[in-house]
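The next block holds one structure in the form of C-alpha cells; read it before the comments.
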Amino acid sequence: MDIKDNEFSRQYEATVDGKSYTIEYSVQERKLFLTKIHQPEGTDDTVINEMLKHILAILEEKRWRIMPIHPKVVAFFRKNPGYKDMLPPGIRL
C-alpha cells in the first residue's frame, strides 16, 4: 500500500482499487492528533486499518506520540494493544 503524506492538506492519502482514502491529522509538540477519516461509502474498515498500521510504523521510527481523536482510530488502538505504547503518558483508552 502506497501512502502519501500530504503535509499541505495535513492528511495521509491512499488510493486502493480506484477509491480514495484519507486520514486527516494535526501536529502539536511531537504529537500527532488523528482527527478525521474519509473513506468511500459502503467500504469496510480493512483499508483504514492497514493505513493506520503503515502510518504508525512510520511514526514509531520518528518516535512520535499519537492522540487518537476519531472513534475509528480509538477502536483501532483498543483492538491492537501493541500500539498503546505510542500514546502519550496518562492516556488510556
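Just so it is clear, none of the values below were taken in a lab; they were calculated from the coordinates. In this text, all values refer to a predicted model and were calculated from it rather than measured experimentally. So basically every Cβ, Gly included, is an ideal-geometry build from the backbone, and we count neighbours across all protein chains shown.
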*Other-chain or far-sequence residues with amide H under 5 Å of Leu87's (modelled H)*: Ile66
*asked:* Report for segment 25-93 the percent antiparallel among DSSP-assigned beta bridges with both residues inside it, nearest 5.
replied: 50 percent
*Which whole-Hz ³J(HN,Hα) couplings does segment 4-20 yield from phi under the Karplus relation 6.51 cos²θ - 1.76 cosθ + 1.60, θ = phi - 60°, glycine and proline marked x?*
10, 8, 8, 5, 5, 8, 6, 7, 8, 10, 8, 10, 10, 6, x, 10, 9
*So how much slack lies between Phe8 and Thr43, counting 0.36 nm per residue of separation and subtracting their Cα-Cα distance, in nm?*
9.9 nm
*Which lysines does Lys79 reach when only Cα atoms under 17 Å apart count, and residues fewer than 8 places away in its own chain are ignored?*
Lys53
*With Cβ to Cβ distances under 15 Å as the rule, what net charge do the other residues near Ile23 carry (K, R +1; D, E -1)?*
-1
*Label-point gap, in nm, between Gln28 and Glu61 - each point 7 angstrom along Cα→Cβ*: 2.8 nm
*With Cα atoms, 0 to 90° folded angle of helix 46-62 axis to the chain main axis*: 40 degrees
*State, to one decimal in nm², a quarter of the convex hull surface area for the C-alpha atoms of the chain, i.e. the direction-averaged projected area.*
6.0 nm²
*Based on Cβ point charges of +1 for Lys and Arg and -1 for Asp and Glu, what charge dipole magnitude is obtained for segment 4-86 about its Cα centre, in debye rounded to the nearest 20?*
380 debye
_Solvent-free Debye scattering, log10 I(q)/I(0), computed from the Cα coordinates of segment 6-47 at q = 0.23, 0.24 Å⁻¹_ = -0.79, -0.83
